[in-house]
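The structure under discussion appears below in the form of structure tokens.
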């Protein structure tokens, strides 16, 4: 009995020390995570913001010192004023909403078409040898070249825009997927066959997940081609039953010789492209790399 009375306080003290130690470790871990998150934000956000401020300051300084003709070289304040006028009239909101809707919907359709097409070409070697050069040629062909033909086929309608987007995005998605599949180790395919996977299961559960890095690269390039194709189609195919997008806004500003409006629209198109990259593809790429132990942080 005396032994038990002696041991109980010791055990209790040990438990309290373990609890205190775990709490301190958790606190230190949380502080490290907050510090790491802050360093990440500062390291990734601060440099581009600082560069943007420097560029805008240099632009404004040039306008103040050189004093060029405002209609040929507007300053940042004039460009901002032009965007403000477009916002007040509602044209800016309509243009952004229309172009984003077209771009995202066209890109999703391109994924739905390009992904099974890429898987089909990867599995059927004869078909790939026959159609591979054509797919690569379509990727090199500027998508703006399709606009005149699309106008003749579909008229001045949204179908023209979507056709141009698909012809610009699908080849990039297909080639990206094929590139990723080519880099899949043969051992994975053999392991799937040994485990009794069907052809469909092998393609969707083994090959496609292993080809994700190349596939994601193809998706990024496909989005870039979608956005560029959309702008080209909206600039050329203007009027009719087509809605008012950013390309239409750019063309309208050009017709009015409004260089401030032209530059403001160009900067807006650029900003949306960068935002999509930062919000969508950047996190997806980092998460994929972390899951494979190829980025700081390791697999989770």
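Taken together, the values in this text are just the output of simple stated rules run on the coordinates, not laboratory data. Quick caveat, the model's predicted, so the values are computed rather than measured. Counting neighbours? That spans all protein chains shown, and the Cβs are built from the backbone with ideal geometry, glycine included.
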Separation in nanometres of the label points that stand 7 Å from Cα toward Cβ, at residue 62 and residue 80: 1.8
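Show me 53-61, 216-224 ranked by packing, highest mean number of other Cβ atoms within 10 Å first.
216-224, 53-61
Mind checking the full-extension length gain between residue 72 and residue 126? Use 0.36 nm per residue of separation minus the Cα-Cα distance, one decimal, nm. Display every interim value, and only then the final one.
On the way: separation 54, 0.36 × 54 = 19.44 nm, distance 5.62 nm.
Difference between extended and current length: 13.8 nm.
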Given labels modelled 7 Å from the Cα in the Cβ direction, how far is it in nm from residue 254 to residue 270? 1.7
Can you bin the range 58-124 into rounded, prolate or oblate? Criterion: square roots of the alpha carbon gyration tensor eigenvalues sorted a ≥ b ≥ c, rounded for a/c under 1.5, prolate for a/b above b/c, oblate for the rest. oblate
Using alpha-carbon positions, the gyration tensor of the range 76-291 gives root eigenvalues a ≥ b ≥ c; with a/c under 1.5 called rounded, otherwise prolate if a/b exceeds b/c, else oblate, the class is prolate
Please check which bits of the range 259-289 a label hung off residue 89 would reach, taking the label as a point 7 Å along Cα-to-C-beta and the cut-off as backbone N under 18 Å. 259-269
What does the highest-first list of 251-257, 203-209 look like by mean Cβ count within 10 Å? 203-209, 251-257
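Would the range 151-264 count as rounded, prolate or oblate if I go by the C-alpha gyration tensor, calling it rounded below 1.5 in a/c and otherwise prolate when a/b exceeds b/c, oblate otherwise?
Working: a/c = 5.29, a/b = 2.86, b/c = 1.85.
It is prolate, given that a/c is not under 1.5 and a/b is the larger ratio.
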